[in-house]
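Taking it in order: structure first as structure tokens, then the write-up.
The values are calculated or read from the model by the stated rules, or taken from the named source; none is laboratory data. Source: prediction; values computed, not measured. Cβ atoms come from the backbone with ideal geometry, glycine included; neighbour counts cover every protein chain shown. Calculation scope for accessible area: heavy atoms of the full protein, side chains included, ligands and nucleic acids excluded. Shrake-Rupley method; radii C 1.70, N 1.55, O 1.52, S 1.80 Å.
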Amino acid sequence: MCSCPGSCPLNHTLYPMAKKEETPNMVEQFSEFKELKNIDKTTMISVLEESFRNVLAKMFGTDENLDVILNPDKGDVQIFQNLTVVPDGEVENPNLQISLSDARADDDPEAEVGEEHSREIIFENFGRRAILNLRQTLQSRILDLQKEAVYAKFKELEGELVTGEVYQIWSRETLLLDDDKNELLLPKSETIPGDFFRKGETVRAVIANVDNKNNNPKITVSRTNEQFLRRLFELEVPEIHDGLINIRAVARIPGERAKIAVESYDDRIDPVGACVGVKGSRIHGIVRELRNENIDVICYTSNPALFIQRALSPARISNIRLDEEARKAEVFLRPEEVSLAIGKNGLNIKLATMLTGYEIDVYRDTEMVYEDDIYLDDFRDEIDAWVIDALKNIGCVTAKSVLNTPRNVLIEKSDLEENTIDDVLDILRREYDEEETPAEEQAPEEEAQEASDAQS
């Protein structure tokens with residue numbers, strides 16, 4: 001029979017005014033918590049023991065002299081109270097002491113004063129209130145444990161991709177539920193312009209922030225964070241996921257345009273081509289996810305001048321001056337290239353600044369100086385490609401920019417041999433000499449013709 005007065009709240013039949021061998025299976029009695037909260041058995045045993053101690057401490061004033069023993073196999077619990085034996089009539093605290101006669105009467109006929117006497121406590125004998133108190137304590141502890149587990153789990157996942165189902169849509173945020181029914185908040189400010197969700201729709205985002213204020217986990221996700229773009233590339237490009245290609249920098253204006261710098265650890269792999277895919281097959285999926293956001297993929301280089309040139313693509317710059325300490329760059333372009341460098345609404349130069357970390361100032365070269373200039377790439381049939389790349393790395397991308405740079409500076413900065421620089425200079429000078437020669441040779445012929453006409 002149950003010892004609880006009235007109807008038992010746990011609907012059990014295992015709480016008799018019992019003998020020791022009839023101690024109920026307490027773990028099974030509270031198994032519903034384990035099933036609902038997905039708590040493993042070891043943790044359940046630990047939480048149950050802690051809950052017992054909290055309730056017993058309130059009942060006896062302390063739990064220091066109590067031993068709570070739980071058997072995970074049988075699921076039963078035994079509670080022993082360790083009392084100090086004192087002479088009859090000198091018991092001051094019955095929760096800590098026991099008289100000699102009581103100890104000898106309690107299955108310990110050889111008890112002596114000063115020894116410790118252990119007495120088993122049958123928890124069920126304390127009635128319904130004690131059981132209810134234990135249940136509430138256990139419920140509260142498991143709820144706290146669940147919140148701590150959720151916080152710890154998602155705190156480790158900050159910056160990772162997550163998928164959730166749209167559960168509720170409000171004016172300022174959208175509530176998503178993941179596969180485990182954990183709540184994810186997507187603020188309006190973290191959505192891409194053009195995002196429109198319907199209830200039940202699946203949405204991908206990145207975990208931006210996890211708070212645990214007042215032990216109440218709050219998981220905020222984002223679709224505008226630069227990490228979202230990184231994770232999408234990792235998902236779509238196997239070489240990035242496998243570590244063969246590394247994403248070095250990302251700059252993004254959500255819903256408009258993005259630039260991403262990648263490098264390959266394998267010389268046989270073209271990082272840009274791998275990210276774009278055959279006919280854009282890989283990058284198209286990312287663009288659709290980002291609501292048709294344009295993405296420029298460029299090859300990363302540790303050379304700041306060349307990196308800035310690539311970041312300003314599709315514009316082709318004529319020359320560049322760097323102040324590495326101030327992180328500033330002065331870029332010179334032909335007039336027709338200036339608009340390409342700046343981009344629509346200034347997006348291109350803004351993204352290039354974000355990507356490189358340099359403050360970029362664009363200057364227009366006068367057409368008089370550069371109207372006959374030639375890009376170094378046009379000399380690849382006469383100059384080795386690696387030599388052209390070395391010159392471009394120091395900001396000399398046109399023939400005039402090389403010719404206008406002192407010879408000793410070219411040697412020092414490009415790290416090329418003197419004879420190599422001299423050969424390049426000879427080729428470039430010869431190009432311009434050939435263009436000027438016909439004009440010079442024409443003058444005497446015209447003078448002779450004029451003289452002949454005058455004589456006739």
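Tell me, please, whether a residue that is acidic (Asp, Glu) and over 22 Å from residue 46 (Cβ atoms) can be found in the range 124-140. Show your work before the answer.
From the range 124-140, those acidic (Asp, Glu) are 124; that's our starting set.
From what's left, over 22 Å from residue 46 (Cβ atoms): none.
Among the residues of the range 124-140, not one is acidic (Asp, Glu) and over 22 Å from residue 46 (Cβ atoms), which makes the answer no.
Taking the range 171-192, which residues are open to solvent by 70 Å² or more (accessible area, probe 1.4 Å), over 19 Å from the mean Cα position of the chain (by Cα) and under 21 Å from residue 255 (Cα atoms)?
171, 172, 188, listed by residue number.
Of the residues 418, 359, the single one that is open to solvent by 40 Å² or more (accessible area, probe 1.4 Å) and in contact with a Ser or Thr (Cβ under 8 Å, 6 or more places away or on another chain) is 359. Evaluation of residue 314 against the conditions (1) in a strand (DSSP E or B); (2) touching a helix residue (DSSP H, G or I) at 6+ places or on another chain (Cβ under 9 Å); (3) open to solvent by 40 Å² or more (accessible area, probe 1.4 Å) shows that the sole unmet condition is (1). Residues in the range 235-248 that are surrounded by 18 or more Cβ atoms within 10 Å (Cβ to Cβ) and touching a strand residue (DSSP E or B) at 6+ places or on another chain (Cβ under 8 Å): 237, 239, 240, 245, 247.
Scan 158, 256, 263 and give me the residue that is acidic (Asp, Glu), in contact (Cβ under 8 Å) with a residue 40 or more places away in the chain and in contact with a helix residue (DSSP H, G or I) (Cβ under 8 Å, 6 or more places away or on another chain). So that I can check it myself, show each step before the final result.
On the way: 158 fails: in contact with a helix residue (DSSP H, G or I) (Cβ under 8 Å, 6 or more places away or on another chain); 263 fails: in contact (Cβ under 8 Å) with a residue 40 or more places away in the chain.
One residue alone meets the criteria, 256.
Does residue 136 satisfy the criteria of being under 16 Å from residue 56 (Cα atoms), in a helix (DSSP H, G or I) and open to solvent by 60 Å² or more (accessible area, probe 1.4 Å)?
Details: under 16 Å from residue 56 (Cα atoms): yes; in a helix (DSSP H, G or I): yes; open to solvent by 60 Å² or more (accessible area, probe 1.4 Å): yes.
Yes, satisfied.
Looking only at residues of the range 129-165 that are within 18 Å of residue 181 (Cα to Cα) and among the β-branched types (Val, Ile, Thr), we find that the one that is farthest from the chain's Cα centre (by Cα) is 142. In the set (1) surrounded by 15 or more Cβ atoms within 10 Å (Cβ to Cβ); (2) among the β-branched types (Val, Ile, Thr); (3) more than 30 Å from residue 222 (Cα to Cα), the condition left unmet by residue 150 is number (3). Kindly check whether there is at least one residue in the range 286-294 that is touching a Phe, Trp or Tyr at 6+ places or on another chain (Cβ under 9 Å), part of a loop (DSSP other than H, G, I, E, B) and of a type in the set (A, V, I, L, M). Within the range 286-294, one or more residues are touching a Phe, Trp or Tyr at 6+ places or on another chain (Cβ under 9 Å), part of a loop (DSSP other than H, G, I, E, B) and of a type in the set (A, V, I, L, M). If you check 131, 98, 79, 142 for being touching a Leu at 6+ places or on another chain (Cβ under 7 Å), of a type in the set (Val, Ile, Thr) and either closer than 30 Å to residue 164 by Cα or modelled with pLDDT under 80 (or both), only one passes: 131. The condition of being assigned to a loop (DSSP other than H, G, I, E, B) and polar (S, T, N, Q) holds for residue 224.
Could you run through the range 277-327 and say how many residues are of a type in the set (Val, Ile, Thr) and farther than 20 Å from residue 253 by Cβ? Walk me through it before giving the result.
Going through the range 277-327, the residues of a type in the set (Val, Ile, Thr) turn out to be 278, 283, 286-287, 295, 297-298, 301, 308, 317, 320.
If we keep only those that are farther than 20 Å from residue 253 by Cβ as well, we get 278, 301, 317, 320.
Of the residues in the range 277-327, 4 are of a type in the set (Val, Ile, Thr) and farther than 20 Å from residue 253 by Cβ.
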